[in-house]
Amino acid sequence: MALAHVNYGLRGKESDGDELLVKALAHQLGCKAFFLNAKEEMSSSENGVQEAAREIRYQWFNELQREHHLKFVLTAHHLNDQVETILFQFMRGGMWSSLRGMLPLNDKIFRPLLSFHRKELIAFAEENNLKWREDSSNRTDDYQRNYLRHQVLPLLLQLNPNLEQSIASRASLFREGELLQERTVHVELHRYFEKSGSVNSIFKTDLLNCSWPRLILYHWLKPFGFSSRQIDEAVELIHAQKGKSISSGEYRLWSNAEHLTLVNASDLEDVRLEIEKVPWTSPDGVIVLDLCSPSDVSFDAGSAVLYADFDLIRMPLICRNWQAGDIFQPFGMMGKKKISDFLMQEKVSAEKKAAIKILTSQEQIVAIPGYRLAESFRLKDGTKRVLRISFMSLA
């Protein structure tokens, strides 16, 4: 057993006094004690005070567990904390997890006092002459949670004196409901879900025909950083026109003709790569360039493999994202066409369109890998060297 205490330095000498109490308790119990001075980390954090403090302490707890082979972290969260957590998260728009509150055991975090009221713990401490310190910041209404504790809960308790016990006792029931919901939705999600390369999709018709589209979208999108508010926006995307999208920052959800499609935003970032020589493979392994002879040319793979006259190309080739003003003459067509119009004609979905790369030589478009060669670089009777442009995934 060991004690762990973080001094955030938020209350000056009072914070230092808390640390001294823990040191005295460790000496009394004859156990190890670990202390972290987080004053500098708190002052440099861009997060709110409560969020920053929580992140600092749990990261440190994890480090202590690994370094000293400690099995669990025991916290002093009690019944009142549980009630406040449930009400606070519910008011902020939480889902099932807000109703079941904190789990008694969550991975390596153990909360053995969740079923005990604060009054019971104080009575036990007084009967056994145990010393404790009150955090003076808990007496103010500076934080929303404190306002809930001091102003809102007393009014609710006037309506129902047993409210705290009632909410806490239902936490386990809501946890069972959460597990049942997760299992049911997981089965449905697995049935609707489609994955092609790095692109994840769900048919709109499946969402429209199921009884709980909002829950399906919640469980699908929540792990990718979408907020509860954005889940509501995702529901609206089911009926939205093609090309509409929402973003969680790292991921983007698109509305297409038949699907809702999720892509990693990094796949859509601007790319400009210089190709000095072939063979060459793009960093993501999607585009592969190599040389072959005219006798090796085969059109069996369709647009997945394109062939260009290499002697018409001036190195370096540039592999980059297509841009709104890009124009080329597609192989087999008369006249030039905007790439945007060509992709629309080919019925390329919005999220795929944003990730498409082109090959250029001296500002001339050579090809859209996976889609079409430019007419001016087509093979001729006198072609001696062939540039083979392979597109390894149509995701």
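The values are calculated or read from the model by the stated rules, or taken from the named source; none is laboratory data. Please read all numbers here as calculations on a predicted model, not as lab measurements. Please note: Cβ atoms are built from the backbone with ideal geometry, for glycine as well, and neighbour counts cover all protein chains shown.
The C-beta contact set for the stretch 61-80 (first residue under 22 Å from A38 (Cα atoms), second residue part of a helix (DSSP H, G or I) and not acidic (D, E), distance under 7 angstrom, 6+ apart or interchain) comprises L70/L64; V73/F61; V73/Q65. Take the residues in the stretch 97-112 that are aliphatic (A, V, I, L, M) and in contact with a strand residue (DSSP E or B) (Cβ under 9 Å, 6 or more places away or on another chain); name whichever of them is farthest from H78 (Cα to Cα). That would be I109. Based on this model, can you work out whether I231 counts as out of contact with any Lys or Arg (no Cβ under 9 Å at 6 or more places or on another chain), at pLDDT 85 or above, surrounded by 17 or more Cβ atoms within 10 Å (Cβ to Cβ) and β-branched (V, I, T)? For I231, the condition - out of contact with any Lys or Arg (no Cβ under 9 Å at 6 or more places or on another chain), at pLDDT 85 or above, surrounded by 17 or more Cβ atoms within 10 Å (Cβ to Cβ) and β-branched (V, I, T) - is not met.
Do we find a residue being assigned to a loop (DSSP other than H, G, I, E, B) and among the hydrophobic types (A, V, I, L, M, F, W, C) anywhere in the stretch 143-159?
Narrowing the stretch 143-159 to residues assigned to a loop (DSSP other than H, G, I, E, B): 143.
Filter once more, keeping what is among the hydrophobic types (A, V, I, L, M, F, W, C): none.
No: zero hits.
Looking only at residues of the stretch 101-141 that are surrounded by fewer than 13 Cβ atoms within 10 Å (Cβ to Cβ) and of a type in the set (D, E), we find that the one that is nearest to the chain's Cα centre (by Cα) is D107. State whether the residues of the stretch 323-332 include one that is assigned to a strand (DSSP E or B) and either surrounded by 14 or more Cβ atoms within 10 Å (Cβ to Cβ) or in contact (Cβ under 8 Å) with a residue 40 or more places away in the chain (or both). Among the residues of the stretch 323-332, at least one is assigned to a strand (DSSP E or B) and either surrounded by 14 or more Cβ atoms within 10 Å (Cβ to Cβ) or in contact (Cβ under 8 Å) with a residue 40 or more places away in the chain (or both), which makes the answer yes. Each residue in the stretch 74-111 was checked for being outside any helix (DSSP H, G or I) and not small (G, A, S), and 16 of them qualify. For the stretch 74-108, a residue qualifies if it is of a type in the set (D, E) and farther than 26 Å from L221 by Cα, and the qualifying residues are D81, E84.
The set of residues from the stretch 350-375 being assigned to a loop (DSSP other than H, G, I, E, B) and farther than 14 Å from D270 by Cα comprises Q362, E363, P369, G370, Y371.
Residue by residue, here is whether (1) closer than 30 Å to Q362 by Cα; (2) of a type in the set (V, I, T); (3) touching a residue at least 12 places away in the same chain (Cβ under 8 Å) holds:
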{"site": "P213", "(1), (2), (3)": "no, no, yes"}
{"site": "K222", "(1), (2), (3)": "no, no, no"}
{"site": "R229", "(1), (2), (3)": "no, no, yes"}
{"site": "S247", "(1), (2), (3)": "no, no, yes"}
{"site": "E258", "(1), (2), (3)": "no, no, yes"}
{"site": "S282", "(1), (2), (3)": "yes, no, yes"}
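Among the residues of the stretch 112-129, is any in a loop (DSSP other than H, G, I, E, B) and among the basic types (K, R)? No.
Of everything listed in (1) within 26 Å of L99 (Cα to Cα); (2) part of a helix (DSSP H, G or I), the single unmet condition for F226 is (2).
Check V185, V152 and return the single one that is under 30 Å from L237 (Cα atoms), touching a residue at least 24 places away in the same chain (Cβ under 8 Å) and either in contact with a Leu (Cβ under 8 Å, 6 or more places away or on another chain) or of a type in the set (A, V, I, L, M) (or both).
On inspection, the qualifying residue turns out to be V185.
Is it fair to say E178 is surrounded by 15 or more Cβ atoms within 10 Å (Cβ to Cβ), outside the structural domain of M91 (by TED's automatic domain parsing) and either of a type in the set (A, V, I, L, M, F, W, C) or in a helix (DSSP H, G or I) (or both)? The answer is yes for E178. Only one entry in D232, D290 is of a type outside the set (A, V, I, L, M), over 22 Å from M344 (Cα atoms), out of contact with any His (no Cβ under 6 Å at 6 or more places or on another chain) and assigned by TED's automatic domain parsing to the domain that holds R378, namely D290.
Has the stretch 167-174 got at least one residue that is within 29 Å of R229 (Cβ to Cβ), among the small types (G, A, S) and assigned to a loop (DSSP other than H, G, I, E, B)?
Filtering the stretch 167-174 for residues within 29 Å of R229 (Cβ to Cβ) gives 167-168, 170-174.
Now drop any that are not among the small types (G, A, S), which leaves 168, 171-172.
Keeping just the survivors that are assigned to a loop (DSSP other than H, G, I, E, B) gives none.
Scanning the stretch 167-174, I find no residue that is within 29 Å of R229 (Cβ to Cβ), among the small types (G, A, S) and assigned to a loop (DSSP other than H, G, I, E, B), so the answer is no.
If the condition is being in contact with a Leu (Cβ under 9 Å, 6 or more places away or on another chain), part of a loop (DSSP other than H, G, I, E, B) and either within 30 Å of L163 (Cα to Cα) or not aliphatic (A, V, I, L, M) (or both), then the stretch 43-73 contributes only F72.
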